[in-house]
1. With a point put 7 Å past each Cα toward its Cβ, work out how far residue 43 is from residue 166 in nm, to one decimal.
2. Which whole-number percent is the relative contact order of region 4-175 (Cα, under 8 Å, 6+ apart)?
3. In Å, what is the Rg of the alpha-carbon atoms in region 99-163, and how long is Dmax?
4. With the Cα gyration tensor of region 4-175 in hand, give its eigenvalues times 5 under a square root as the equivalent ellipsoid semi-axes, listed largest first in whole angstrom.
5. By average Cβ neighbour count within 10 Å, what is the ranking of 41-52, 75-86, 3-14 from highest down?
6. Can you give me the Cα centroid spacing of region 63-89 and region 14-57 in angstrom?
7. If packing is taken as the average count of other Cβ atoms within 10 Å, what order do 92-101, 65-74, 119-128 fall into, highest mean first?
Amino acid sequence: MNTELATLGGGCFWCLEAAFLQLAGVESVVSGYAGGPKANPDYRSVCSGSTGHAEVVQVRFDPAVIDYRTLLTAFFAVHDPTTLDRQGNDVGSQYRSVIFTHDSGQEKIARDLIAELEAAKIWPAPIVTAVSPAPTFWRAEDYHQNYYANNPLQGYCQAVVAPKAAKLRKVFAGRLKA
């Protein structure tokens with residue numbers, strides 16, 4: 001099987017991981033950090049906002065089942081791309097909306113989709129999602145992997161993660177794993 005990689009930041013990585021894991025064609029989702037200069041960042045330092053990293057997910061997908069554009073469409077469906085350095089109550093550059101591209105084809109698809117979404121006026125404010133080449137990805141600590149699946153009753157998961165996962169199920173009902 002030929003797989004590709006997408007690296008996306010749209011607030012808390014637990015939300016994106018829970019959403020993307022539901023999609024057919026998604027082979028794996030790894031929570032981590034990208035976009036800052038510090039090597040080997042950890043959750044505490046990233047949450048402080050001092051490292052320059054964003055919380056991101058790295059999605060390995062089968063493009064024969066789900067293409068990059070569809071992944072990005074799901075990404076835009078489950079987070080607010082119009083708030084700079086913020087998703088809901090999560091505030092700071094570590095929660096920024098960002099697409100880290102792995103090649104020029106991904107960059108073109110991302111920029112074209114953002115232009116289409118802007119022209120459609122889906123949101124009342126401009127999209128602030130950054131598009132830039134993928135930097136080094138740092139895997140988050142083990143307890144962050146599959147966080148929602150392992151902690152569905154945790155307060156943040158019930159209040160924030162579950163609604164985003166449910167929204168993805170509703171909007172992408174025909175593209176869910178069996």
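Read-outs throughout are calculated quantities, based only on the coordinates presented, and are distinct from any laboratory measurement. Every value quoted in this text rests on a predicted model; they were computed, and no experiment measured them. Methodologically, a virtual Cβ is constructed for each residue, glycine included, from the backbone with ideal geometry; neighbour enumeration extends over all protein chains shown.
1. For residue 43 paired with residue 166, the spin-label model returns 2.5 nm.
2. Numbers: 317 pairs, mean separation 55.3, N = 172.
Relative contact order of region 4-175: 32 percent.
3. For region 99-163, the Cα radius of gyration and maximum Cα-Cα distance read 16.4, 41 Å.
4. Values: eigenvalues 91, 71, 57 Å².
So the equivalent ellipsoid measures 21, 19, 17 Å along its semi-axes.
5. Details: 41-52: 16.4, 75-86: 18.8, 3-14: 23.4.
Per-residue mean Cβ counts within 10 Å order the peptides as 3-14, 75-86, 41-52.
6. Between the Cα centres of region 63-89 and region 14-57 lies a distance of 14 Å.
7. Working: 92-101: 22.7, 65-74: 18.8, 119-128: 11.2.
My ranking of the peptides, most packed first, is 92-101, 65-74, 119-128.
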